[in-house]
1. If you go through the range 132-183 one residue at a time, how many are on the phi > 0 side of the Ramachandran plot, within 16 Å of the chain's Cα centre (by Cα) and at pLDDT 95 or above?
2. Looking only at the range 65-88, count every residue that is out of contact with any strand residue (DSSP E or B) (no Cβ under 8 Å at 6 or more places or on another chain), without any contact (Cβ under 8 Å) to a residue 60 or more places away in the chain and within 30 Å of Asp143 (Cα to Cα) and tell me the total.
3. Suppose we keep only residues that are surrounded by fewer than 16 Cβ atoms within 10 Å (Cβ to Cβ) and acidic (Asp, Glu) within the range 132-172. Which one would you say is farthest from Tyr103 (Cα to Cα)?
4. Suppose we keep only residues that are surrounded by fewer than 16 Cβ atoms within 10 Å (Cβ to Cβ) and farther than 23 Å from Glu122 by Cα within the range 64-74. Which one would you say is nearest to the chain's Cα centre (by Cα)?
5. Give me the pairs: first residue in the range 33-53 and polar (S, T, N, Q), second residue part of a helix (DSSP H, G or I), beta-carbon distance under 7 Å, and six or more apart or on different chains, which are they?
6. Which of the residues spanning the range 107-131 are crowded, with 22+ Cβ neighbours inside 10 Å and either polar (S, T, N, Q) or under 23 Å from Glu179 (Cα atoms) (or both)?
Amino acid sequence: MKRLLVTSALASMLCACATATPTGSTASTAAKSPQEAEILATVDTFLLAIGNHDDEALEEVLITEGVSWIQTIKPGEEGKVQPYTNEGMLEPDPDADPFIERYWNPTVTVRGGLAQVWAPYELRDNGEQVHCGIDAFDLVHLDGAWRVASILSTMEPDACAKLMPPSPAAMRPRDGWKETRNE
């Protein structure tokens, strides 16, 4: 359970990248450019890796030297913003079970080799909705590929009704989950 909370929160966290001229923002799951498609594919790979506990795939897209930040928010109560090292996401947890974390309506901004993806998300475990929130991913283009540098994430158990898209078809990543099929 500890790894589920830490990894889902880390998977949800992003640092803000200053962006003077964004290359695109979108109100759908479709990418507006090949570069944006690569960035969203990296976020998809990260979420699948963290949810499926696939450390090999996670190492490919995560900058382990980074720090991510998580905050739990409930009505009338905002928890303390907590830091987590990205390296900690790779620590083995024999009790970890797969979970699903999907996002929708991503806003993507890019400037040079820095990018940010900001999106509402939902976390499901054992078929049940656990919480929703906002994930903000900071990405860096290194060695020809986009990699996740840090994540800012809110965990809001009471925000799902307000944040959910009209249809699950708007969510990504669509396929590749070990936990349950993506409906």
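The values are calculated or read from the model by the stated rules, or taken from the named source; none is laboratory data. All values reported here derive from a predicted model rather than from experimental measurement. So basically every Cβ, Gly included, is an ideal-geometry build from the backbone, and we count neighbours across all protein chains shown.
1. So the answer is 1.
2. Of the residues in that region, 2 qualify.
3. Among residues in the range 132-172 that are surrounded by fewer than 16 Cβ atoms within 10 Å (Cβ to Cβ) and acidic (Asp, Glu), the one farthest from Tyr103 (Cα to Cα) is Asp143.
4. Here the residue is Thr64.
5. Taking only residues 6 or more apart or on different chains, the pairs are Thr42/Val61; Thr45/Ala57; Thr45/Val61.
6. Gln116, Ala119, Pro120, Tyr121, Leu123, His131
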